[in-house]
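The values are calculated or read from the model by the stated rules, or taken from the named source; none is laboratory data. Bear in mind the structure is a predicted one, so any value in this text is a computation, not a measurement. When we count neighbours, we look across all protein chains shown, and the Cβ atoms used for this are built from the backbone with ideal geometry, even at glycine. When the accessible area is computed, the model is the full protein with side chains, heavy atoms only, and any ligands, DNA or RNA have been set aside. Shrake-Rupley method; radii C 1.70, N 1.55, O 1.52, S 1.80 Å.
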Amino acid sequence: ASVGMTTVESFGVYLKCIGCMPKCGSTDLYSKLIWHPDLAKPPCGKENHFWTRSRLGKSTNHLKGGEVKKQSFDSFLKQIGPANMEGQTGSLLIDGTQSLLWDLLGWEARYPQSSKPPYSNAELIHLVAPMSKIIVIIRDPVERLYSDYLYFNGDDYGLHENRSALSFDDAVRAELGRFVGCLTKHNLRRCCYSSQNDPKMRLHLGVYITYVRDWYQLFGENMMVVSLEDYSKQPLPVLYRIYNFLQVPEPSRDDLSIYIKSTSKKNARSKSDSTKRGACWRRQENSFKTFTSRTI
């Protein structure tokens, strides 16, 4: 099937994906990658959520939810096609949709007779773009959970809560109990993809092994995992590893260093957030690390 100059076959030639959990540094990594002249941002932006939400008629706002008009695959191809790439020199598109790694929201309602997710997003991408390369960036799961909890708040997300380390403590306790209860009835993968998981306390996203395994089974050596901790400490070596992985020419080290120093970190959490944690943070840090270690 073809749409202008874009075909399903060529789609797999130039698509590269950054898979991540929310608040794992993908926005900053993305901005550094598309600085490279051979890498480009799709006209629809860093995150399109086509595969996880808009094709299903779901809102891209995971907290507000709601129904929207379904987007067709042809419409999606037109969005990212060459005709819309004016002003961009890169030949490889970088899709930075963070929900692509993990989001199968609502699969139970669509497949009520199924006892497990009938497909994964990895299978969808592999079907239409088998030559894609997948970059996954993750971080300490407790740090990710706390950052996620603080970030997704306010009117933009339909919330009016005064979130704090204390409220975080209460929310983790409640969701941890519910998730453990799910594990008494179902296996880990089923629980991680469950639509019953609390969208305001996304504890399940910290069980990285579940989601990464789905992608690795299909993409194998075409998949690369990066830690935010390594990237934050030594961005240059990590970026060069990714450039080599994507098989694009290495840029000048001096030019890349200057660019990194001249730009601020994207979506970084305020330092003041780290000073407000208190004893409840340490308690949940220990309990959540115990939980994640048992689920691996």
### Task
Could you tell me whether E229 is in contact (Cβ under 8 Å) with a residue 60 or more places away in the chain and of a type in the set (D, E)?
yes
### Filtered residue count, segment 132-153, keeping only those that are farther than 22 Å from S195 by Cβ, at pLDDT 85 or above and open to solvent by 10 Å² or more (accessible area, probe 1.4 Å)
5
### Message
Among the residues of segment 170-211, what is the count of those that are within 25 Å of L228 (Cα to Cα) and of a type in the set (S, T, N, Q)?
### Response
2
### Task
Just name the residue that is nearest to P199 (Cα to Cα) out of those in segment 103-131 that are among the small types (G, A, S) and touching a residue at least 60 places away in the same chain (Cβ under 8 Å).
G106
### Query
Would segment 234-250 turn up any residue that is modelled with pLDDT of 90 or more, in a helix (DSSP H, G or I) and open to solvent by 70 Å² or more (accessible area, probe 1.4 Å)?
yes
### Task
Go through segment 72-108 and give me each residue that's modelled with pLDDT of 75 or more, among the hydrophobic types (A, V, I, L, M, F, W, C) and not in a helix (DSSP H, G or I).
L92, L93, I94, W102, L104, L105
### Message
Every residue in segment 31-49 that is open to solvent by less than 10 Å² (accessible area, probe 1.4 Å) and closer than 13 Å to C17 by Cα, please.
### Response
L33, L39, A40, P42
### Message
Among the residues of segment 154-163, are any basic (K, R) and modelled with pLDDT under 90?
### Response
yes
### Boolean, L218 is buried (at least 17 other Cβ atoms within 10 Å of the Cβ) and under 30 Å from L256 (Cα atoms)
no
### Among residues of segment 195-208, those that are out of contact with any Cys (no Cβ under 6 Å at 6 or more places or on another chain), surrounded by 15 or more Cβ atoms within 10 Å (Cβ to Cβ) and either modelled with pLDDT of 95 or more or of a type outside the set (K, R) (or both), counted
6
